[in-house]
1. Give me the distance in nm between label points sitting 7 Å out from Cα along the Cα-to-Cβ direction at Lys170 and Glu57, one decimal.
2. Sorted by mean Cβ packing within 10 Å, highest first, what order do the peptides 34-46, 78-90 take?
3. What FRET efficiency, computed as 1/(1 + (r/R0)^6) with R0 = 22 Å and r the Cβ-Cβ distance, is obtained for Asp77 and Leu123, rounded to the nearest 0.05?
4. Sort Asp114, Asp122 so that the residue with the fewest other Cβ atoms within 10 Å of its own Cβ comes first and the one with the most comes last.
5. For the range 31-128, what's the relative contact order in percent, using C-alpha pairs closer than 8 Å and at least 6 residues apart?
6. Take Ile155 and Ser38, extend 7 Å from each Cα along the Cα→Cβ direction, and tell me the distance between the two endpoints in nm.
7. Between beta-carbons, use under 15 Å as the cut-off and find the net charge around Asn85, counting Lys and Arg +1, Asp and Glu -1.
Amino acid sequence: MKKTLKNALVITLVAGLCLSFSGIVAAVDPSYEEIIVSPAEPPRLSEVSFSVDVTGENIEEVRVIVEECTAQICYPDLRNESMTNTQGNTWEGTVTLIHDDAIYCTTWLVIKSDGTWYNFKDLRKEFNLSIDTGNGDTNGGDGNGGDGAPGFELILLVISLVLALFIYKKKRRR
């Protein structure tokens, strides 16, 4: 009798533990595959669209972070814009670029799921900016990918005029 009671108690405890653990479901952290940038190489000072498929449970908010950079520095004033859930797991948003000397940008997501914010800065995506600002201005360049040093021809012209004037005055004195 004691053995049967002991076995029944063990079975009841094991069954109770199994049932209590079956209610615990591991929460799935949010994740995403790739941020799609449109246009792929946007002009400086333009509006850029972002689209991404986010997976996870109870996604409350998705924000896109954009950092504009030159060859030497990345600007500290990050663009931090809310994205809209358009359908299913797809989130879309737009950001207006503000630096006319930026040559590339990095972007990543910050996702709020079940009240917790997840920062995906380690999954940064980099994209280049075209030199064209979208309004025909090539920011001092020639629009053909040259170094765009405006005024260089003017310096040569001034030097040539000074030399010509010097030679002319020298010949007149004789």
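FYI, it's all coordinate maths here, none of it is from the lab. Predicted, not measured: the structure shown is a model, and the values here were computed from it. Cβ coordinates were reconstructed from backbone atoms using ideal geometry, including for glycine residues, and neighbour counts include every protein chain displayed.
1. Distance between label points: 8.9 nm.
2. On the way: 34-46: 15.8, 78-90: 13.2.
The packing order, highest mean first, is 34-46, 78-90.
3. Values: r = 22 Å, r/R0 = 0.98.
Approximately 0.55, to the nearest 0.05.
4. Numbers: Asp114 13, Asp122 6.
If I rank by nearby Cβ atoms, fewest first, I get Asp122, Asp114.
5. Numbers: 217 pairs, mean separation 30.7, N = 98.
Relative contact order for the range 31-128 comes out at 31 percent.
6. That separation, rounded to one decimal, is 4.5 nm.
7. On the way: positive: Arg63, Lys112; negative: Asp53, Glu57, Glu60, Glu61, Glu81, Glu92.
Net charge in that neighbourhood comes out at -4.
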